[in-house]
Amino acid sequence: MGAAGAIRRAAAGAADRACAGARGFRRALARFAPRPSAFAPAADAEAAAVRAVRNLRTFRFHYAVLQWALLLASLAPRHRASVVFLMAASKGLLVYGGLLKAFPNSALLRRLLDRRLVAAVFVALVLADIVAAGAVANLLTALSAGVPIIVLHASFRVRDDLEGPSADVAAENGKEDETAAVVEKKEDGDVEAGPTRRSMAAAPRSPK
């Protein structure tokens, strides 16, 4: 009974983790490409460049996952050992990210394992493995497939649903609310002062 209960609990935990992962994937996909109306050309080249830079910052994790998946897919048919090594390296990177999330204020962790240092070591390991496996052509193929998708997405993805109202819109709404409040206050003042004015007009004037 004890072994069966442990197996059921492990199966239930695995199912819960799988469901949570599926929900997270759906949310990430919905944020990355929610609907066709979320894509539109920019007004000019400068606006397109600004939008692309902002989207690269916002969706950098999505772009990295896309490029990583394309690289693993290109390596899978003939370089399975490289796929295993790269997946293990990515697991280590995820563990590092989990440590940073669990201990965000750890000065020791940030000094010993700086983000830039970890990223440089990870990229160096990936490139060294690809060169050692003779899979440079696979890397170039993955880049040629992923970079155009990333550039197009970063250039055409509209950010209206990712941000709150802009400062100009907020200021305009604030001005409208202030104007409405002033008008309402004035109207209330006129209503309160109306009977007083009429009573003063109706009152008899004293002879001088």
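What three numbers, in Å, describe the spread of the alpha carbons of segment 40-156 along their principal axes, ordered from the longest?
Principal-axis extents of the Cα atoms in segment 40-156, largest first: 44, 43, 17 Å.
So who's got an amide H within less than 5 Å of the one on PHE39, skipping anything under 5 residues away but keeping other chains? H placed 1.01 Å off N, in plane.
Those lying under 5 Å, H to H, from PHE39 are VAL158.
Calculate, in nm to one decimal, what ALA145 and VAL123 gain on full extension: separation in residues at 0.36 nm each, minus their alpha carbon distance.
Length difference between fully extended and current span is 6.0 nm.
Every number here is computed from the coordinates shown, using simple stated rules; none is lab data. Source: prediction; values computed, not measured.
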